[in-house]
Amino acid sequence: MKKLLLLLICLPLLFSCGEKKEENKDNEKENNIVTDNMIDNRYTGKGTHISTSGLFKGNKYVGEWKDGKFHGNGSYIFNNQDGDTYVGEWKDGKQNGKGIYTWVSGGKYTGDFKDNKMHGYGTFIRNNFGKYVGEFKEGVFHGQGTYTLVNGEIVNGPWNNGVPVK
């Protein structure tokens, strides 16, 4: 049971949101970027970004821009083998603020983000494993929170870097 609990606790690390996000590129030869406004040769306003080459080919961002970066409200769709999505707030090209990250594999996080990671308060649901409601720090359970396993067993925090503190 301890091994299963440790596996469940480490799941957020396996599903880190921040590692896949593409850095913004201002080169139209490599990317298809459509916005209504340009200020000082930087995209500003609302628009769509579709990566047309490289590792992020097919990824799509639809939303607000500021100074050439994702900024404001927007959605990012990963058009790779995962097909994950993020819908929420952005700041300076990173997931920051309230958002929802959905994994095609069956997981979902709804809550606070900071610098592309689950950070603050949120709910993490992983199909066939359970549900965690509480605080996160840099992508892992941290602080006060409760993990409810699919069998009904409850593990209460506090948590420190993904591990319950006894």
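The values are calculated or read from the model by the stated rules, or taken from the named source; none is laboratory data. Model, not experiment: these values are computed from the prediction. All Cβ positions, even for glycine, are placed from backbone atoms using ideal geometry, and neighbour counts span all protein chains on display.
Summed over region 112-149, the residues that are within 27 Å of F70 (Cβ to Cβ) and in a loop (DSSP other than H, G, I, E, B) give a count of 4.
Does Y147 meet the test of being more than 22 Å from N96 (Cα to Cα), touching a Pro at 6+ places or on another chain (Cβ under 9 Å) and surrounded by 14 or more Cβ atoms within 10 Å (Cβ to Cβ)? Please lay out each step first, then the result.
Working: more than 22 Å from N96 (Cα to Cα): yes; touching a Pro at 6+ places or on another chain (Cβ under 9 Å): yes; surrounded by 14 or more Cβ atoms within 10 Å (Cβ to Cβ): yes.
Yes; evaluated as a whole, the condition is true for this residue.
Please verify whether region 84-103 includes one or more residues that are within 26 Å of G162 (Cβ to Cβ), within 19 Å of the chain's Cα centre (by Cα), modelled with pLDDT under 85 and among the basic types (K, R). No. Selection of region 150-162 for residues being surrounded by fewer than 16 Cβ atoms within 10 Å (Cβ to Cβ) and either of a type in the set (K, R) or in a strand (DSSP E or B) (or both) yields I154, N156, N160.
I'd like the full set of residues that are assigned to a strand (DSSP E or B) and closer than 14 Å to K91 by Cβ, limited to region 62-72. Listed by number, the residues that qualify are G63, E64, W65, K66, K69, F70, H71, G72. Among the residues in region 95-109, are any part of a strand (DSSP E or B), under 18 Å from V140 (Cβ atoms), touching a strand residue (DSSP E or B) at 6+ places or on another chain (Cβ under 6 Å) and charged (D, E, K, R)? Yes - at least one qualifying residue is present in region 95-109. Restricting N31, N79, N127 to residues that are surrounded by fewer than 16 Cβ atoms within 10 Å (Cβ to Cβ) and at pLDDT below 85 narrows the list to N79.
How many residues does region 111-124 contain that are surrounded by fewer than 17 Cβ atoms within 10 Å (Cβ to Cβ) and free of Cβ contacts under 8 Å to residues at least 24 places away in the same chain?
Summing the residues that are surrounded by fewer than 17 Cβ atoms within 10 Å (Cβ to Cβ) and free of Cβ contacts under 8 Å to residues at least 24 places away in the same chain in region 111-124 gives 3.
Return the residue satisfying two criteria in turn: it lies in region 82-110 and is out of contact with any Cys (no Cβ under 7 Å at 6 or more places or on another chain) and of a type in the set (S, T, Y), and of such residues it is surrounded by the most Cβ atoms within 10 Å (Cβ to Cβ). Among those residues, the one meeting the criterion is Y109. Quick one: is G47 in contact (Cβ under 8 Å) with a residue 12 or more places away in the chain, under 16 Å from G139 (Cβ atoms) and part of a strand (DSSP E or B)? Against the criterion (in contact (Cβ under 8 Å) with a residue 12 or more places away in the chain, under 16 Å from G139 (Cβ atoms) and part of a strand (DSSP E or B)), G47 does not qualify.
Residue-by-condition table, conditions (1) at pLDDT 95 or above; (2) farther than 25 Å from G83 by Cβ; (3) of a type in the set (V, I, T); (4) more than 13 Å from the chain's Cα centre (by Cα):
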position	(1), (2), (3), (4)
S105	no, no, no, yes
Y109	yes, no, no, no
N116	yes, no, no, no
E135	yes, yes, no, yes
T148	yes, yes, yes, yes
W159	yes, yes, no, yes
V163	no, yes, yes, yes
